[in-house]
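The values are calculated or read from the model by the stated rules, or taken from the named source; none is laboratory data. Because the structure is predicted, anything quoted here is derived from the model rather than measured. Every residue, glycine as well, gets a Cβ built from its backbone with ideal geometry; the counts of neighbours run over all protein chains shown. Accessible surface is based on the protein model in full, side chains and every heavy atom, while ligands, DNA and RNA are left aside. Shrake-Rupley method; radii C 1.70, N 1.55, O 1.52, S 1.80 Å.
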Amino acid sequence: MNAIDWAGVARNLDAQGSAVIGRLLSPDQCDALVALYPREDRFRSRVVMARHGFGRGEYKYFSYPLPELIARLRTAFYPPLAELANRWNTAMAIDVRFPAQHAKFIKRCHAAGQRRPTPLLLQYGAGDYNCLHQDLYGEHVFPLQLTILLSEPGSDFTGGEFVMTEQRPRMQSRAEVVPLDKGDAVIFAVSHRPVQGTRGTYRVNLRHGVSRVRSGHRHTAGIIFHDAA
């Protein structure tokens, strides 16, 4: 955590709504998370995307207690991101403010009936993809989240790029592909962010997804900071 340039992360999030952290996890840590996927005792539910019109592929939500690595990242990444989230909400004239510690925010979620953990593992095979979407889950939404690529592009899979779109007022949408290597993480806006225009600050709407996997298998871990209703 000490090696992360949080000022640089904030600049990238301000500029484009995403920021990449290279080599956040080691190959062994990535492989250990992937190895959890067949273990039903570690998860609360499994979602097959095609059944819900979400795309193709599947994912599983972890149950509490979370794996130690996932819990540690969720707790450690929250404070610097909460500072940015509060600044964004001020700029967008949104009254919600986030506490400095993740445990206090989770208490807020649980008090509102959002008690189900949202960190997850996703699995894609050839031909699978994830439609553009937003991970909201209830009234209380933390505006930033984290995805970690657990597979090696070019050897474990081809295709399967992380994609974001940004819908700007009275303008056409902007798409961005975020290249990742195994162990890299991308922090990105869940649903909206402020953008400085010539007439002041305006709000843009964001969605994210995964392009079609052309071969192999792709695994990712997702860390969402709010819990689900």
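Scanning the range 103-114 for residues that are part of a helix (DSSP H, G or I) and within 25 Å of ARG203 (Cβ to Cβ) gives PHE105, ARG108, CYS109.
The single condition among (1) on the phi > 0 side of the Ramachandran plot; (2) crowded, with 17+ Cβ neighbours inside 10 Å; (3) not charged (D, E, K, R) that GLY200 does not meet is (2).
Checking ARG193 against (1) closer than 26 Å to TYR124 by Cα; (2) touching an Asp or Glu at 6+ places or on another chain (Cβ under 9 Å): exactly one of these is not met. Which one? In the conditions (1) closer than 26 Å to TYR124 by Cα; (2) touching an Asp or Glu at 6+ places or on another chain (Cβ under 9 Å), ARG193 misses (1) alone.
Taking the range 1-19 as the range and being within 17 Å of VAL190 (Cβ to Cβ) and either of a type in the set (Val, Ile, Thr) or not in a loop (DSSP other than H, G, I, E, B) (or both) as the test, the residues that pass are VAL9, ALA10, ASN12, LEU13, ASP14, GLN16, SER18, ALA19. Would the range 84-100 turn up any residue that is surrounded by fewer than 21 Cβ atoms within 10 Å (Cβ to Cβ) and farther than 27 Å from ALA10 by Cα? No, every residue in the range 84-100 fails to be surrounded by fewer than 21 Cβ atoms within 10 Å (Cβ to Cβ) and farther than 27 Å from ALA10 by Cα. Within the range 128-140, the only residue that satisfies the criterion of being within 21 Å of THR90 (Cα to Cα) and buried (at least 20 other Cβ atoms within 10 Å of the Cβ) is HIS140.
Scanning the range 20-48 for residues that are of a type in the set (A, V, I, L, M) and either in contact (Cβ under 8 Å) with a residue 60 or more places away in the chain or open to solvent by 60 Å² or more (accessible area, probe 1.4 Å) (or both) returns VAL20, ILE21, LEU24, LEU25, LEU33, VAL34, ALA35, LEU36. Test of understanding: among ALA71, ALA76, which residue is under 30 Å from THR201 (Cα atoms), under 18 Å from the mean Cα position of the chain (by Cα) and not aromatic (Phe, Trp, Tyr)? None of the other options fit; the residue is ALA76.
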